[in-house]
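Undergrad: First the structure, then my questions, so here it is.
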Amino acid sequence: MISIIVCMKVVIDPEMPLSEFEVDRVQLRPIPPKGTPPLMNPFDENALEAALKIKDGRECKVTILSMGSSLPKAVLQVPLATGADEIITVEDPQFEHLDAINTAHALAAAIKKIGNYDIVFTGRQASDWDSGMVWAGIAELLDIPSVTIARKAEVSDGKIVVERNGTDGIEIVECSLPALVTFSSEVGELRYPTIPALQKAKKKEIQRWSASHIEFNKAHIMEVRDLYIPDFGTANCHFVLGADPEQKGRDLARRLMDDGIISRHI
């Protein structure tokens, strides 16, 4: 039986109205909106759908791994209702406002504690910070190969075959297990859970670990040093023209030098 761990992050709804988005000007952090509930990162939902498609065709165990502080139970029940077998959360005040490096360390430590796995699936990036770096840290810390920006994945003969989005089209990549794969929206949206499945998911136990359970010690804290607030009333837009990309690049460089933004000569 194939064992897949899907890393899923709870985020602020990226589609929420702009009027509900607020920033704490003192702490320089987003204020969780009261009118719009959080949800699972959409790219991580793509990764879960990829795992469930594998499960549709063969014996497979899908484990959801989510990390944060005071994760909402209603959000966590959705992956269970769509077909995941279990969910493990790592919740601790230490996990608030972590940078990508610490997040990767915490998730890798949790995966090591889970122990038995063949594949780790993640989204290509999270919709809140959009850094797209955590998956690379996890693969490095686990010392396993990784395949990125996948649109489809199949498991056969102890290997995973991945269709990924390349710069010149679709690439087919074969990788030995264990491995990590990141997924993009081309996989398709996560299937809708049925009402009976949601009711059944409410009765399932959610394993909750703390930082001490995975022996995690935070090394860095992500800190916002400054906050840029655009003034849309006085903003000006300038179009850089050119016959080709090279000419546009030269014209952009000249414009930046004219405005005193850069000083290096072409």
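Undergrad: Given the conditions (1) surrounded by 10 or more Cβ atoms within 10 Å (Cβ to Cβ); (2) under 29 Å from P30 (Cβ atoms); (3) small (G, A, S); (4) at pLDDT below 90, report the number of the one that A235 does not fulfil.
TA: (1)
Undergrad: Right, next: Which one is nearest to G68 (Cα to Cα), of the residues in the stretch 12-29 that are touching a residue at least 60 places away in the same chain (Cβ under 8 Å) and either out of contact with any Phe, Trp or Tyr (no Cβ under 9 Å at 6 or more places or on another chain) or not in a loop (DSSP other than H, G, I, E, B) (or both)?
TA: The residue in question is R29.
Undergrad: Oh, and also: Given the residues V161, V187, which is the only one that is surrounded by fewer than 18 Cβ atoms within 10 Å (Cβ to Cβ) and aliphatic (A, V, I, L, M)?
TA: V161
Undergrad: Here is a list of conditions, (1) surrounded by fewer than 22 Cβ atoms within 10 Å (Cβ to Cβ); (2) in contact (Cβ under 8 Å) with a residue 24 or more places away in the chain; (3) not acidic (D, E), and P79 meets all of them except one; can you say which number that is?
TA: (1) is the only condition that P79 fails.
Undergrad: A further question follows. Taking L80, is it closer than 11 Å to I206 by Cβ, out of contact with any Pro (no Cβ under 7 Å at 6 or more places or on another chain) and either at pLDDT 85 or above or not assigned by TED's automatic domain parsing to the domain that holds I12 (or both)?
TA: When the stated conditions are applied, L80 passes them.
Undergrad: In the stretch 84-96, which residue that is in contact with a strand residue (DSSP E or B) (Cβ under 7 Å, 6 or more places away or on another chain) and not polar (S, T, N, Q) is farthest from P193 (Cα to Cα)?
TA: If we take residues in the stretch 84-96 being in contact with a strand residue (DSSP E or B) (Cβ under 7 Å, 6 or more places away or on another chain) and not polar (S, T, N, Q), then F95 is farthest from P193 (Cα to Cα).
Undergrad: Let me ask another. Which residue, of T148, T103, T89, is assigned by TED's automatic domain parsing to the domain that holds R58, at pLDDT below 95 and in contact with a Leu (Cβ under 6 Å, 6 or more places away or on another chain)?
TA: The conditions single out T89.
Undergrad: Tally time: how many residues in the stretch 48-77 are in a helix (DSSP H, G or I) and within 17 Å of the chain's Cα centre (by Cα)?
TA: 6
Undergrad: Can you name the residue in the stretch 119-137 that is modelled with pLDDT under 95 and either hydrophobic (A, V, I, L, M, F, W, C) or over 17 Å from M8 (Cα atoms) (or both) and is also farthest from the chain's Cα centre (by Cα) among such residues?
TA: Only one residue fits best here, namely A136.
Undergrad: Please determine, by comparing only the residues of the stretch 89-103 that are aliphatic (A, V, I, L, M) and under 16 Å from S70 (Cβ atoms), which one is surrounded by the most Cβ atoms within 10 Å (Cβ to Cβ).
TA: Going through the qualifying residues, I end up with V90.
Undergrad: Which strands (runs of 3 or more DSSP E) does the stretch 86-165 wholly contain that include 1 or more residues that are free of Cβ contacts under 8 Å to residues at least 60 places away in the same chain?
TA: Once the strands (runs of 3 or more DSSP E) in the stretch 86-165 are filtered for at least 1 residues that are free of Cβ contacts under 8 Å to residues at least 60 places away in the same chain, what remains is 146-156.
Undergrad: Quick check on the stretch 165-183. Is at least one of its residues under 20 Å from the mean Cα position of the chain (by Cα), closer than 23 Å to F43 by Cβ and surrounded by fewer than 16 Cβ atoms within 10 Å (Cβ to Cβ)?
TA: Checked against the condition, which is being under 20 Å from the mean Cα position of the chain (by Cα), closer than 23 Å to F43 by Cβ and surrounded by fewer than 16 Cβ atoms within 10 Å (Cβ to Cβ), the stretch 165-183 yields at least one hit.
The values are calculated or read from the model by the stated rules, or taken from the named source; none is laboratory data. Keep in mind the model is a prediction, meaning the values are calculated, not measured. Don't worry about glycine lacking a Cβ; one is built from the backbone with ideal geometry, like all the others, and counts go over all protein chains shown.
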